[in-house]
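Data block below; observations after.
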Amino acid sequence: MNQPSSSLKVGVLKVGIAGVGAIGQMMATALDRGQVRAVLVGLTDVDRARAEKVAGELTHATPVLSLDELVRRSDLIVEAASQAALPEIVPKVLEARKDLMVMSVGGLLGREEWFQLAEERGCRITGPRRSVVAAIAETPQGFSADAIGERLPGVGRATVYRTIKLLLHMGVLCKVPLQDGAPRYSLAPVGHHHHLVCVRCGTISDFSQCNLDDLAPRLESALGRAVLGHRLEVYSLCSGCQEISPSAEVSDLI
């Protein structure tokens, strides 16, 4: 059940999301967790029923609004709809002197008048590459930055890393170290969790059961330290890799 949102604090960025497909849902979930200094003030979508379904799955009560009302309530609008929706969304946001994050960046090509309008109104148009975010959304069980880059030969390496860094900051992704120290990333579920990592193929699964919370007060008492948190990665062979070879070899573990 949704819980009422607490009062908005002064200085907290108010974010509205236009479009609740896979990418919009990722962004809404990250904001709903409160892992960044921003608050989700509303959603809008041409399919209101879909938007209401997404809003109903969030922890905090989030209204489904008209585009005009979403713009009015927000400091930043995140466009996660489609290129076809940009001609309606962009002018309304900029005329209201609000900042805009565009996920459908291909729709900005040849629209210099929008950037000119943003400059005149003192606001910004920014955004990660939608193709990078889409590739990540299609790979929920773990990926490396290089693997995403290989799938998108037309996208520069720096763009891939910049987008991943942004999604990490927003709490959309988790960074999971392999045993050799190389990072992999996975979509972050809601709530406290840990990672089960296949040492052979690198797939990542999440689990929430652990007894480390019970250990924290004993450590504080014994060592005189304030325990602030913990993380846990369990290395294993997934079922698919066990079918190929039921035991891990030395090369899998280093």
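Computed on the Cα trace of the range 10-127, the radius of gyration divided by the Kirkwood hydrodynamic radius gives Rg/Rh = 0.95. Per residue, the convex hull spanned by the alpha carbons of the chain comes to 180 Å³.
Taking a straight Cα-Cα cut-off under 30 Å and skipping sequence neighbours fewer than 8 places away in the same chain, the lysines within cross-link reach of K175 are K9, K14, K53, K165. Based on DSSP H segments of at least four residues, each scored -39500 (n - 2.57), the chain has a per-residue ellipticity at 222 nm of -11000 deg cm²/dmol. Listed from fewest to most Cβ neighbours within 10 Å, the set L167, L109 follows the order L109, L167.
Summarising the amide proton neighbourhood of D99: residues at separation of 5 or more, or on other chains, whose placed amide H is nearer than 5 Å comprise I77, R124. By the count of neighbouring beta-carbon atoms within 10 Å, fewest first, K98, K14 end up ordered K14, K98.
A short reminder: the numbers here are calculations on the coordinates, not readings from a lab. What you see is a predicted model; the values in this text were computed from it and never measured. In this analysis, Cβ positions are derived from the backbone assuming ideal geometry, glycine residues included, and neighbour counts consider all displayed protein chains.
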